[in-house]
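Trainee: The structure follows.
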Amino acid sequence: MNYFTGFTCVNCAAVYPPDRDLLLCPGCENLLEADYDYASLARELDRDALWRRPDDVWRWRELLPVLDPAKIVTLGEGGTPLLRAERLARACGVRELWLKSDATANPTGSLKDRSITVSATKAVEFGYGVLACDSTGNKASSTAAYAARAGLRSVVFCPDDTPVPKMAQAVFFGARLIRVRGHYSEINAMYRRLIGSGQVKWYDCGTDNPFRYEGKKTYAYEIAQALGWRAPDRILHPAAGGMSLAKTWKGFNELKRLGWVDALPRMTLVQGAGCAPMVRAWETGASRIVPVDRQPTIASALAAADPGLLGARAMEAVRASGGAAAAVPDEEIRAAMRDLAGEGLFIEPSGAVTLAGLRRLVAAGQVDRSESVVCVLTGSGFKDFERIVEMVDIPNRVVTGYDSMLAAAREVA
């Protein structure tokens, strides 16, 4: 049975049927929110029977906006590990710390897979032949991979300074990569104009796609299930536009509405200090997010100077949940990357900001030491490998033969 009932505009409250191919609200050009028949879901969906399904995003298919399950395009995304980190909990000063690592188990090595699987599926449902997106890198890689999986073409637009591994991955999957000079917010504005112009017939996997958003809710479902159907006290998530944070908040609210959890987490966003418009709005109490001038940050995937409509939704989630926001400088991000390496996790700078943010917020007294916390880690270190290389020293010395190898071994024993 299908439980997806359509969309409601978050601004004008206009309602649209589930089979409409939409981006923003046709009436006011604001965001659309997917609706479901929650009363029927509560009656008919057996929470505890879900364990028997494959551990991926589509375990939760009744809560996703797909009309034809036969059209699902999947690479086995989601179902990523939730790892308890007792040493880091002590070091950060919280009672309980969990690391949700989308970097280690998703097919292309980032969080984007759990949303692009949904947009690729909708592209197939609607009969498109090309997937497209604007991206700081991870979304481009994921769009290219899922297009390949579906037998479609892909076109991706990235800033010219996007990390090489991310561009290479997208091209390797067959994407037509168009590099654009300028910061991401400028490129996003031009891309949205292009998609809206009617000059191209591509399926947009970018920032306005309301179907794609829904894939990010699965963070909430996976975390709650892994914790025995309870919510942690707090979730920290990296934020560029803020979609993942806003949708994780929606996911937990859905679980509470279904009676599957009895509490909600405090949603906390983290940005790099060089580009933190949402943190600035949080710290000043501003009612709207003012775009900033982007400064250098190693958290390049988060460098959205103007998060737009999504940013406003993310801030609503932070405020409604009693959460917080933190901006972390590069040196603290690098320290967090090293700390995560000490747990065996290879995380790119933009993914490691949550651990850095947790340290900062605990020190500032904004996170209580009695809390149970989940830090979401969003991208593999291989995605920004040049930053990793800058942090290590590869020995120049090369030994020859067993005796030299033994001598070198004794030096480090």
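Trainee: So Val124 fits all but one of (1) within 18 Å of Leu64 (Cα to Cα); (2) in contact (Cβ under 8 Å) with a residue 60 or more places away in the chain; (3) more than 19 Å from the chain's Cα centre (by Cα); what number is the exception?
Mentor: (2) is the only condition that Val124 fails.
Trainee: Another one. Write out, first by first residue and then by second, each pair whose Cβ atoms fall under 8 Å of each other, whose residues are 6+ apart or on separate chains, and whose first residue, in region 169-183, is touching a residue at least 24 places away in the same chain (Cβ under 8 Å) and over 21 Å from Phe382 (Cα atoms) while the second is of a type in the set (A, V, I, L, M) and open to solvent by less than 40 Å² (accessible area, probe 1.4 Å).
Mentor: His183/Ala303; His183/Ala305
Trainee: Moving to a separate point now. Exactly one condition in (1) open to solvent by 60 Å² or more (accessible area, probe 1.4 Å); (2) free of Cβ contacts under 8 Å to residues at least 60 places away in the same chain is not met by Arg257; state its number.
Mentor: Of everything listed in (1) open to solvent by 60 Å² or more (accessible area, probe 1.4 Å); (2) free of Cβ contacts under 8 Å to residues at least 60 places away in the same chain, Arg257 misses just condition (2).
Trainee: Kindly list the number of the only condition in (1) touching a His at 6+ places or on another chain (Cβ under 7 Å); (2) small (Gly, Ala, Ser); (3) farther than 26 Å from Asp384 by Cβ that fails for Ser287.
Mentor: Among (1) touching a His at 6+ places or on another chain (Cβ under 7 Å); (2) small (Gly, Ala, Ser); (3) farther than 26 Å from Asp384 by Cβ, the lone unmet condition for Ser287 is (1).
Trainee: Tell me, which helices (runs of 4 or more DSSP H) wholly within region 302-405 include 3 or more residues that are open to solvent by less than 70 Å² (accessible area, probe 1.4 Å), among the charged types (D, E, K, R) and modelled with pLDDT of 95 or more?
Mentor: 330-341
Yes/no matrix, rows are residues, columns are (1) free of Cβ contacts under 8 Å to residues at least 24 places away in the same chain; (2) under 18 Å from the mean Cα position of the chain (by Cα):
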position: Asp35; (1), (2): no, no
position: Asp46; (1), (2): yes, no
position: Trp60; (1), (2): no, yes
position: Leu67; (1), (2): no, no
position: Leu75; (1), (2): no, yes
position: Gly79; (1), (2): no, yes
position: Leu83; (1), (2): no, yes
position: Gly109; (1), (2): no, yes
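Trainee: Please determine whether any residue of region 93-105 is in a loop (DSSP other than H, G, I, E, B), open to solvent by 60 Å² or more (accessible area, probe 1.4 Å) and touching a strand residue (DSSP E or B) at 6+ places or on another chain (Cβ under 7 Å). Before you say what the answer is, go through the steps one by one.
Mentor: First, the residues of region 93-105 that are in a loop (DSSP other than H, G, I, E, B): 93-95.
Applying the additional criterion that residues be open to solvent by 60 Å² or more (accessible area, probe 1.4 Å) yields 95.
Now restrict to residues that are touching a strand residue (DSSP E or B) at 6+ places or on another chain (Cβ under 7 Å): 95.
Within region 93-105, one or more residues are in a loop (DSSP other than H, G, I, E, B), open to solvent by 60 Å² or more (accessible area, probe 1.4 Å) and touching a strand residue (DSSP E or B) at 6+ places or on another chain (Cβ under 7 Å).
Trainee: Take the conditions open to solvent by 50 Å² or more (accessible area, probe 1.4 Å) and among the aliphatic types (A, V, I, L, M) and apply them to Ala70. Does it pass? Show your work before the answer.
Mentor: On the way: open to solvent by 50 Å² or more (accessible area, probe 1.4 Å): yes; among the aliphatic types (A, V, I, L, M): yes.
Yes: the conditions hold for Ala70.
Residue-by-condition table, conditions (1) touching a Phe, Trp or Tyr at 6+ places or on another chain (Cβ under 7 Å); (2) among the charged types (D, E, K, R); (3) farther than 21 Å from Tyr184 by Cβ:
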{"site": "Met267", "(1), (2), (3)": "yes, no, yes"}
{"site": "Met278", "(1), (2), (3)": "no, no, no"}
{"site": "Gly285", "(1), (2), (3)": "no, no, yes"}
{"site": "Val290", "(1), (2), (3)": "no, no, no"}
{"site": "Thr297", "(1), (2), (3)": "no, no, no"}
{"site": "Arg319", "(1), (2), (3)": "no, yes, yes"}
{"site": "Ser350", "(1), (2), (3)": "no, no, no"}
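Trainee: So, one more: Conditions: (1) free of Cβ contacts under 8 Å to residues at least 60 places away in the same chain; (2) in contact with a Ser or Thr (Cβ under 8 Å, 6 or more places away or on another chain); (3) closer than 23 Å to Ser115 by Cβ; (4) open to solvent by 10 Å² or more (accessible area, probe 1.4 Å). Ala273 meets all but one. Number of the miss?
Mentor: Ala273 satisfies every listed condition except (3).
The values are calculated or read from the model by the stated rules, or taken from the named source; none is laboratory data. What you see is a predicted model; the values in this text were computed from it and never measured. Cβ coordinates were reconstructed from backbone atoms using ideal geometry, including for glycine residues, and neighbour counts include every protein chain displayed. Just the protein is used for accessible areas: all its heavy atoms, side chains included, with ligands, DNA and RNA removed. Shrake-Rupley method; radii C 1.70, N 1.55, O 1.52, S 1.80 Å.
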